[in-house]
Amino acid sequence: MSHIKISIEVEQLFLETEKASQGVPHTQIRLMSSVVFVNQNKRTLSKPYSGILDTGAPITVIPHSIWKDIYVRKLTKRYLSGINPEKQCKILCDIGGILLQLVDENDNRSSTFPCLAYLVPAQYDTVPLILGVDRCLDRFKLEVNFVTQHAYLIYLSA
């Protein structure tokens, strides 16, 4: 079993209120992991990219600036939407099969595994890389200790 260290990013924010002189303190916490993808030639790996671990995302989301250079097997098209169901908030994306590894700064890594992903079109390239549950995070045990700022993915699937 591989233990892949993930980072805990903490950002202190203030939520705006009706009174300009006051703000509500808010801590934004994100779990982040490095990921490499199998390139189009199927023989080499991409440079590492930083992705958000999102246990609420059913499928991985990859911006165009990343997926344009990696191996992709396009399967179908579907709308990507978040918590707002309005049509203007949906993005029509290809869904494709990709190959990836999760890695850390000590070169601990999972083996290469297939994953489904929304392939976001170029005009929405500001969408972050999101690592979702189905066929990606469901291969790992997630251990997080927010107090000590230690977090790991333990690779369970071979």
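The values are calculated or read from the model by the stated rules, or taken from the named source; none is laboratory data. This structure is a prediction, so every number in the text was calculated from the model and none was measured. Don't worry about glycine lacking a Cβ; one is built from the backbone with ideal geometry, like all the others, and counts go over all protein chains shown. For the accessible areas, the whole protein counts, side chains as well, though only heavy atoms, and no ligand, DNA or RNA atoms are used. Shrake-Rupley method; radii C 1.70, N 1.55, O 1.52, S 1.80 Å.
Estimated from helices alone, the mean residue ellipticity of the chain at 222 nm is -500 deg cm²/dmol (sum of -39500 (n - 2.57) over DSSP H runs with n ≥ 4, per residue).
Over all other residues within a Cβ to Cβ distance under 15 Å of Asn39, the charged ones net out to +4, with Lys and Arg as +1 and Asp and Glu as -1. Ranking of Thr148, Thr60 by solvent-accessible surface, largest first: Thr148, Thr60 (1.4 Å probe, protein heavy atoms only, all chains present). Under a 5 Å amide H cut-off, with hydrogens placed 1.01 Å from N, Asn39 pairs with Thr44, Leu45, Ser46, Tyr71 among residues at least 5 apart or on other chains.
How would region 1-43 be classified by its alpha-carbon gyration tensor: rounded, prolate or oblate, with rounded meaning a/c under 1.5 and the a/b versus b/c comparison settling the rest? Verdict is oblate for region 1-43. Our summary gives the chain a relative contact order of 29 percent, counting only alpha carbon pairs under 8 angstrom and 6 or more residues apart.
Rounded to the nearest whole Hz, the Karplus-based 3J(HN,Hα) values (6.51 cos²θ - 1.76 cosθ + 1.60, θ = phi - 60°) of region 97-109 follow the sequence x, 10, 10, 8, 9, 9, 9, 10, 5, 9, 6, 6, 8, with x at glycine and proline.
Pairs Lys47/Lys68; Lys77/Lys141; Lys42/Lys141: which exceed 23 Å Cα-Cα?
Lys77/Lys141; Lys42/Lys141
Between Lys77 and Glu11, what length comes free when the chain is fully extended (0.36 nm per residue of separation minus the Cα-Cα distance, one decimal in nm)?
Using 0.36 nm per residue and subtracting the Cα-Cα distance, I get 20.3 nm.
Here the 3J(HN,Hα) profile of region 24-40, calculated from phi with Karplus coefficients 6.51, -1.76 and 1.60 at θ = phi - 60°, is 9, x, 8, 9, 9, 10, 10, 8, 10, 9, 8, 9, 10, 10, 6, 6, 4 Hz, Gly and Pro shown as x. For the chain, the Stokes-Einstein estimate of translational diffusion at 25 °C and a viscosity of 0.890 mPa s comes to 145 µm²/s, using the Kirkwood hydrodynamic radius over alpha-carbon pairs. For Val120, the residues whose amide H sits under 5 Å from its own are Ile62, His64, ignoring neighbours fewer than 5 places away on the same chain, with H placed 1.01 Å from N. DSSP finds beta bridges in the chain, and of those with both partners inside it, around 90 percent are antiparallel. Would any residue of region 27-58 have its amide N under 20 Å from a label point 7 Å out along Cα→Cβ of Asn108? List them or say none. Of the residues in region 27-58, 30-37, 48-55 have backbone N under 20 Å from the label point off Asn108.
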